[in-house]
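Participant: Dropping a structure here in structure tokens format, bear with me for questions.
Read the figures in this text as sums done on the coordinates, not as results from a lab. Note that this is a predicted model, so its numbers are computed, not measured. Heads up, the Cβs are rebuilt from the backbone with ideal geometry, glycines too, and the neighbour counts pull from every protein chain shown.
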Amino acid sequence: MKPYGVPDIVTLRAICGEQQVLTAEEDLIAYSFDGTAALRKRPAAVVFPTDTQQVSELVKYAAQNRVPLVTRGSGTGLSGGSLPTDNCVVVCLVKMNRILEVDTRNLTLTAEAGVLTQSIADAAGKEGLFYPPDPGSMKISTIGGNVAENSGGLRGLKYGVTRDYVMGMEVVLPDGSIAWLGGKCVKDVAGYSLRDLFIGSEGTLGIVTKVMLKLLPAPKARKTLLAMFPDMESAAETVSAIIAARIIPCTLEFLDQRTVQCVEDYAHIGLPVTAAAILLMETDGHPVVVNEEATAMAAIARDHGSTEVRIAADHNESLQLAAARRTAFSALARIKPTTILEDATVPRSELAKMVSFINEVAKRYNLEIATFGHMGDGNLHPTFLTDERNEEEMHRVEHAMEEIFAKALELGGTITGEHGVGVAKKSFLSKQFDTASMRLLREVRATLDPTGILNPGKICD
Amino acid sequence: MNNRNADTHSLHLKGLDYSVLQQCMHCGMCLPTCPTYVETKLERNSPRGRIALMRAIADDEMKLTKAFGEEMYYCLGCLACTTACPAGVDYAHLFEMARADVEEQGVLQRPERNFWRWLSLEVIFTRPRLLRILGRMLYVYQASGAQSLVRKLRLTAVLPKSLRELEPRAPAVRKRFSNQLIDPVEKSTPTRYRVGLLTGCVQDILLSEVNRDTVDCLLANGCEVITPSVQSCCGSLHAHNGDLELAKRMARTLLDAFDIEKLDAVITNAAGCGSHLKHYDRLLADDPVYAERAWQWSRKLKDIHEWLVSIQFRAPSASVQPENRRVTYHEACHLSHGQKITRQPRQLLQSIPGLDWIELPESTWCCGSAGVYNITQPEQAQKLLERKLDHIGPTQAAVVATANPGCHLQVEFGLRQRGWDVKVMHPISLLAEAYRNESQHSRLT
């Protein structure tokens, strides 16, 4: 195959317009990273297409000249999925940000890829409807990015993840052609479920330009509880016990003491900083069921060693708690210069084992690891608090990380629950996938993108 | 001449503890709260983009360019990002260091800019008496009818374009300045506290009644108030505009005007000043003579709202004038973001009986005043002002309360432009009015 080409700026300007192409050093530096720690690379140019046609022409040009394209939204990804590659053009979709339709008869919402997740939630809310996926960065993340990474959030336990809400999409294929996949039908078995191929494809198979989302009626009531625990294991056991008791609350979030201290330091909302671990639990739905479930969860927490269970006084306090929880990752950056977040995930029955193992690894490698996460999904976020300038310590971080991933796989888990593989977890993927799966992955990619122009070097080579 | 100080090793950004720059883990939480990013959707116009550029300069990956300089002045310095930042990045400090580097490297130097900077920063705002003389002249010009004559005859056409555009913005100078309204020592009985009062530079001549109202509120709450009759500018204007040396000089002069040992607190009523005044300890940390006093100063420096709430202020028993009762509150950036004071002004205002309180949507979004931003970046400033006014309109408030002279004048100008009959008042002025009405037995109607 011919080597990657260097983008021609004049052509990019002809396609997107003079003002929508950036090449100044000050811009390239500002687009040389996403939300992932310690990864930086300057692109050759940044372009802002304003409609699908422009995206299509960009891709055609790139395919003909083998110019690498890296698609991004707000750049909040946590696996380096939108990190630029050598001589690439960053295709930034934030200016394609119109909500095209809210269909209250079919309960769908159609939007361009650059619309913020928060705007989608707000637009649905205005109609008394509900878009459940709520990744931590939802205030600024784009829906296109959410689809590309198949983002999760705090409500995954009951409501699932982004994939469960994508009914259709418009996608520009690696040859520049434009395809519409899916639609408003709840049932639709015509052909392969092609849209599913693009959800979580991390910008390697196509560029999603429009998304059609499923909405739900907004739950009538919700109740938020905060339970304090003397150790992390009893919090983990509480989660397993709640699931075993046939209760599926919408949120079961876990934060260890270090994380609670950092979040409280930022948010000042009176979180209990002395407990070794806390669980943030939320149930929503019919008021009667909500009350019943809240009472049952509080009892289970107490039975498993919770020292105190608090109930949020009102909706505002619930929102405040959830908002504070969403800042956990960033708040942990208060402690050390570099904050490396992982998202090893295990079946829920194995949570207590995984939590103990992370603590043990931290001790063995003499590292500081704060852990929080979506415990109800088995999705943990062990977070290394370290310093990228300390080579020796970074070496220990790598080894500890390897062990944590290995353990997650041993327990039947995955190396990434919701952040994607990107570049950060690329080297671990072959440990999770068997040979046939790896081959299938590569074959699918090579079939769709034979010249390898879309997000090269991500997920796998 | 473009390299007044070209030795790159002297860059403030490089001298910073690297962890301050590294604190930003580029999560993007700041983006939706940044007025310039929301306007352009370009990373370089966002806090994390700007920090990335600062870091690139500190790491020798990029030269300090003119474009970088322009970016640092496109930033409003509203500090909304610091409220949004869970990681606790000290953007205010980074921003001041970056602007100081921009000025010391001289990348933005132009004869006209140099002249205005010299005139304002070095001449006028270092000399409080000169400022008062200029204020007096402007007052005479406005009060004598000369201003309206000039406007009618369109004589402003002879002014340079930049001044011609500013002329209609010129706010009304007050007849009497702070020293004519406030005695150097005013006592209350009984006296619980002894506090110093900062009268400011702009506030002193353009909004001197706010200073009088502040004294009245302090007296009503058992504070003896010491107000030096001549006070220099606090230096926030200098620090925010990249002149740290002058900022230090102004800080020392102001420290000399107060006997900090003998005061329980030093009170400021201007948000922009307060946000700077509280950092004298850091500004003068290396000063062998002033460091200790600056440290004490920073601990005793209180915003008026913060102070009154902390000493459990007395709620007034009377209301404000009937025409001032429907009130909304615009939060000055350097009060809400710079000092994290959001609860106290509301608490004071809501203590006034009979007040019809309406929350302003987006109350913490910058109004575009941002120090001298409305002069240096008029276009973006106007957009922010329009956005603010669009939120004020539906509240149907009779009074917009705000606690910073810059915001006060900016919002007042905007309201005048739209021809709306809405007043701008400092929250303390409303509180003072309520206290005054107690003695006049003008109870709730």
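Participant: Fewest Cβ neighbours within 10 Å first, please rank B:326, B:174 accordingly.
Facilitator: Sorted ascending by nearby Cβ count, the order is B:326, B:174.
Participant: Count, for each residue of A:328-339, the Cβ atoms from other chains sitting within 10 Å of its Cβ, then give me the mean as a whole number.
Facilitator: Whole-number average of other-chain Cβ neighbours for A:328-339 is 5.
Participant: What 222 nm value per residue comes from the helices of chain A, counting each DSSP H run with n ≥ 4 as -39,500 (n - 2.57) and dividing by all residues, nearest 500 deg cm²/dmol?
Facilitator: Per the formula, -10500 deg cm²/dmol.
Participant: Only bridges whose two residues both fall in chain A count here: according to DSSP, what percent of them are antiparallel, nearest 5?
Facilitator: The answer is about 85 percent antiparallel.
Participant: Taking 8 Å as the Cα distance limit and 6 or more residues as the minimum spacing, I'd like the relative contact order of region A:336-432 as a percentage.
Facilitator: Contact order relative to length: 36 percent.
Participant: While we're looking at this one, here's another question. Please give, to one decimal in nm, the separation of the simple spin-label points placed at residue A:394 and residue A:296, each 7 Å out from Cα toward the Cβ.
Facilitator: Taking the simple label geometry, residue A:394 and residue A:296 are separated by 4.9 nm.
Participant: Report relative contact order for chain B in percent, whole number only (criteria: Cα-Cα under 8 Å, sequence separation at least 6).
Facilitator: 14 percent
Participant: If you don't mind, another one. Please list A:289-300, A:14-25 highest first by mean number of surrounding beta-carbon atoms within 10 Å per residue.
Facilitator: Ranked from most to least packed, the peptides come out as A:289-300, A:14-25.
Participant: For chain B, modelled as a Gaussian network with Cα springs under 10 Å, which listed residue fluctuates most, B:239, B:87, B:434?
Facilitator: Among B:239, B:87, B:434, the largest mean-square fluctuation in the Gaussian network model of chain B belongs to B:87.
Participant: So what is the relative contact order of chain A, in percent, for Cα pairs below 8 Å that sit 6 or more residues apart?
Facilitator: Relative contact order, chain A: 15 percent.
Participant: Right, another one. 222 nm [θ] for chain B, helices only, -39500 (n - 2.57) per DSSP H run of 4+, per residue, to 500?
Facilitator: One gets -14000 deg cm²/dmol as the mean residue ellipticity at 222 nm.
Participant: Taking each residue of B:16-26 in turn, how many C-beta atoms of other protein chains fall within 10 Å of its C-beta, and what is the average?
Facilitator: Rounded to a whole number, the mean comes out at 5.
Participant: Here's something else I'd like to know. Tell me the trypsin sites (Lys or Arg not before Pro) within region A:237-345 that lie in a loop according to DSSP and have at most 14 other beta-carbon atoms within 10 Å.
Facilitator: Those satisfying the criteria are A:246.
Participant: In whole Å, what is the distance between the alpha-carbon centres of region B:132-156 and region B:273-319?
Facilitator: Going from one Cα centre to the other spans 37 Å.
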